[in-house]
Structure formats: structure tokens, C-alpha cells
Amino acid sequence: MSTHRFRRPAMLSPQEAEQIVGDVDPAVRSELAHTTAGALVLGGRRGAEDPDLVQRLITLVDTEGLDTVASMWSQSPADTLPGALWRLYLLREWTRRDPHTIAERYHLGLHRAEVAGVVAGVATPPGPDQIRELADAVLSGVFRGDLDITLDRAAAFLRVLATGSAMDADWVELSDRDRATRLTRNAGSLLDTAAELESAAALWRAGRLD
């Protein structure tokens, strides 16, 4: 079983993200991050009345590449819209690059008796394919649903994965203590990210995620 940890994709390390954006003033970088994040989220919600805007956003992602657009969000705090989208982007990339591990950990966590309490507030935790589809819609600028629900569902998905990682750690501890330690840390990182997404969802509902 793979032991990949949840982290920034290798192609978008902090240093590489810095190089993509270049020597841009931090204030300008922050403004770009907020502008692009807002355009993507609001573009889908305005799609019915302004289809040209949606098409321009899709063209932007297609021509510049989602990786380049997302790199502008990489240094944004978790309690901002670009920060929330950056975490959603990382989750999307992880599900695309390591589907086997994701599926194994998800099913381990989902079938644990306590999982219903772990993801309280989300009736049915979404699976890997559903998360990837939701993230694709949001990050392409065509999403017309409620962003807070998407963020909550992404958080629930991560909590299921954290449960699966913790179970895996328990099973391998006697035979591979180092691997068990990595899995435990991975579970902790997943829970931290889940909490950040839940906080972002609450801020969005309160009209304070920008």
C-alpha cells in the first residue's frame, strides 16, 4: 500500500509557486489571488445571466493552466477564499494522482462504526469521484451550487480519510513503526485541513470569506 502523504503537489512547492508568480509585490499578489478566486466562484453563480463571463473564465483556465492560476492562491491564509480554493485544489490533485491509496483509505474509514459521528452534519460523505467532480466544477468557474456545502463535503471526505489512515497505522504499528508514525501524522494533517475547510464554509455562510 502507498504511503504518500497529503501535501502540496511536487510541481507546486512553495518555492516553485513563488517562481511562477515572480517578484510580485505581496500586496499585488494578494489582490491577484482574491480577484481570480472571486471570479471563479462568482462566475459560475452568474452563469445563467452572463454566459460570456463563464466562457472567459474557462478560457483563462484552459490557456494559463489551472496550476498557474492556483499558484496565486498558495500563500493565502486558510480563512480566505483563495486559501480555501488552494486547499480544494490540493485535494483535487491528490485524488487525481494517487487514486489507489485514496480509495483504500476512504473505504477503511467509511466502514468504521464511528464514522457517522466523525462527519456529523453531512448525511452521506462523498466519495473520491464526487469530490473530484465538485472540485473540477468550482475550479473551472462553472460551479453554480453553494460553496459552503462543497467545502463541508470536502472536509467530511478528509475526515473519512483521516479515520482510514489512523486505522491503517494501528494495523502496521507492530511490523513497521516508522510507517505507522507517518500514517498517524498524515491523519493529523488531514484533520487539520478538514477543520480549515469547515471554518471556511462557516465564514462563507456568514458572508465573511473573501
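The values are calculated or read from the model by the stated rules, or taken from the named source; none is laboratory data. As the structure is a prediction and not an experimental result, all values here were calculated from the model. Don't worry about glycine lacking a Cβ; one is built from the backbone with ideal geometry, like all the others, and counts go over all protein chains shown. Side chains are part of the model used for accessible areas, which takes the heavy atoms of the whole protein and leaves out ligands, DNA and RNA. Shrake-Rupley method; radii C 1.70, N 1.55, O 1.52, S 1.80 Å.
Quick notes on this structure:
- Only residues that are open to solvent by 10 Å² or more (accessible area, probe 1.4 Å) and closer than 11 Å to Leu161 by Cα were counted in segment 95-110, giving 6.
- Subset of segment 171-186 (residues that are among the acidic types (Asp, Glu) and open to solvent by 100 Å² or more (accessible area, probe 1.4 Å)): Asp178
- Test result for Gly207, in a helix (DSSP H, G or I), among the small types (Gly, Ala, Ser) and modelled with pLDDT of 90 or more: no
- So Thr181, is it in contact with a Gly (Cβ under 9 Å, 6 or more places away or on another chain) and hydroxyl-bearing (Ser, Thr, Tyr): no
- Residue selected from segment 159-168 under the condition at pLDDT 85 or above and surrounded by 18 or more Cβ atoms within 10 Å (Cβ to Cβ), by the criterion nearest to Leu197 (Cα to Cα): Arg159
- Looking across Arg8, Arg105, Arg56, Arg29, one residue alone is at pLDDT below 60, out of contact with any strand residue (DSSP E or B) (no Cβ under 7 Å at 6 or more places or on another chain) and not aliphatic (A, V, I, L, M). It is Arg8.
- Residue match in segment 142-152 (condition: touching a Gly at 6+ places or on another chain (Cβ under 9 Å) and surrounded by fewer than 16 Cβ atoms within 10 Å (Cβ to Cβ)): yes
Yes/no per residue for (1) of a type in the set (Val, Ile, Thr); (2) within 23 Å of Arg132 (Cα to Cα):
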site	(1), (2)
Ala154	no, yes
Thr163	yes, yes
Trp171	no, no
Leu197	no, yes
